[in-house]
1. Tell me which of these VAL84 doesn't satisfy, since it passes every other one: (1) surrounded by 18 or more Cβ atoms within 10 Å (Cβ to Cβ); (2) aliphatic (A, V, I, L, M); (3) modelled with pLDDT of 90 or more.
2. Pairs only if they're at least six apart or on different chains, beta carbon under 8 angstrom, first in segment 166-191 and under 23 Å from ALA56 (Cβ atoms), second buried (at least 19 other Cβ atoms within 10 Å of the Cβ) and aromatic (Phe, Trp, Tyr); list them, first residue then second.
3. Considering (1) touching a helix residue (DSSP H, G or I) at 6+ places or on another chain (Cβ under 8 Å); (2) more than 30 Å from GLN76 (Cβ to Cβ); (3) among the polar types (S, T, N, Q), say which one SER190 fails and leave the rest.
4. Any chance segment 243-253 includes a residue that's closer than 22 Å to ASN102 by Cβ and either in a helix (DSSP H, G or I) or without any contact (Cβ under 8 Å) to a residue 12 or more places away in the chain (or both)?
5. When you look at THR89, is it β-branched (Val, Ile, Thr), touching a Ser or Thr at 6+ places or on another chain (Cβ under 6 Å), under 30 Å from ALA146 (Cα atoms) and crowded, with 18+ Cβ neighbours inside 10 Å, yes or no?
6. Being over 11 Å from MET193 (Cα atoms) and either aromatic (Phe, Trp, Tyr) or free of Cβ contacts under 8 Å to residues at least 60 places away in the same chain (or both): is that true of ILE45 here?
7. Does VAL57 satisfy being among the β-branched types (Val, Ile, Thr), part of a helix (DSSP H, G or I) and farther than 28 Å from GLU209 by Cα?
Amino acid sequence: MAAQQQAGGGNGGGNGIGYGFAAYGIWGLFPLFWPLLEPSGAVDILANRMTWSLVAVALMLLVQRKWAWIRPLLAQPRRLALSVLAAMTISVNWGVYIWGVNSGHVVETSLGYFINPLVTIAFGVLLLRERLRTAQWAAVGVGVAAVVVLTVGYGRLPWIALTLAFSFGTYGLLKKKVALGGMESFALESAVMFPFAVAFLIWLAVRGEGSFAVSGWGHSGLLMLSGVITAIPLLCFGAAALRVPLSTLGLLQYLAPVLQFLIGITVFGEQMPPARWAGFALVWLALAMLSWDALRRLRRSRAALPQPRTAPVDEPARAVSG
């Protein structure tokens, strides 16, 4: 059964794809949630999200009794330091994303997550000294051209998209070095930022600028819910990662920015002048090139695997008896 799930076959693979759709689907629908938390400001929402994320993941760890990873990690200061950096990086990512959505830049936030795979590849070359294939170099070149076209289209650098792409790319790089499970790393990162988040919320309350327990209990409930909706897609992603190949997850990841893009132009009515369409078209072309290259290599690697020997059709008895 384990082998079947890893191969993405059978019921395990089907469930894994369902979990993957759930994870990326929820992430893609996030732009519909953050405006519900107004009139809270972006930093206020971020602090509440950090606070209630730790509460949510701590309850999940308590139910599953997953505590054994803490003591070994405390004895590894390098991994702890990298986890602190990861927590700071994802905080920047979350804050910019919330601000971007609530400031009417949903389409540009989606661009950030479209660009992210290209940034990850660039990090691999610059920091990990990985060698790129021809298709990957071409995709990165097209991605750079897309940023130039979008800069012309926006009349400025698409800094929201670039900040999201580079912060999430950095976060992924740090998590790779920490090598901790999804729920465990989420708990640790939430714990790192929890004191700062709570201190900021107390400071806002003292100044009379906080929104929790002030703008009504319905609003406070939504702020508390931000922790739950942060944790749920992470759990779904973890379940999907155990059941389907990484190549499948790599294709599913585009679901989130596609949904964000569609929400931006349909629900929020954001404008898409021709120059922006051209820039997005170049980004999509780059991603199509990456996907084609990945699928081609996957087919080649599967074809190179040794085929299982089968008994001749006319000798069933010898096959059975050995």
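The values are calculated or read from the model by the stated rules, or taken from the named source; none is laboratory data. Everything numeric here is computed off the predicted structure, so don't read it as measured data. Heads up, the Cβs are rebuilt from the backbone with ideal geometry, glycines too, and the neighbour counts pull from every protein chain shown.
1. (1)
2. Sorted first by the residue in segment 166-191, then by its partner, the pairs are PHE168/TYR113; GLY182/PHE237.
3. Only one criterion in (1) touching a helix residue (DSSP H, G or I) at 6+ places or on another chain (Cβ under 8 Å); (2) more than 30 Å from GLN76 (Cβ to Cβ); (3) among the polar types (S, T, N, Q) is unmet by SER190, namely (2).
4. Residues of segment 243-253 closer than 22 Å to ASN102 by Cβ: none.
Among the residues of segment 243-253, not one is closer than 22 Å to ASN102 by Cβ and either in a helix (DSSP H, G or I) or without any contact (Cβ under 8 Å) to a residue 12 or more places away in the chain (or both), which makes the answer no.
5. Answer is yes for this residue.
6. no
7. No; evaluated as a whole, the condition is false for this residue.
Quick grid of which residues meet (1) of a type outside the set (D, E, K, R); (2) assigned to a helix (DSSP H, G or I):
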residue: ILE115; (1), (2): yes, yes
residue: VAL119; (1), (2): yes, yes
residue: VAL125; (1), (2): yes, yes
residue: LEU128; (1), (2): yes, no
residue: GLN136; (1), (2): yes, yes
residue: ALA139; (1), (2): yes, yes
residue: ALA145; (1), (2): yes, yes
residue: VAL148; (1), (2): yes, yes
residue: ARG156; (1), (2): no, no
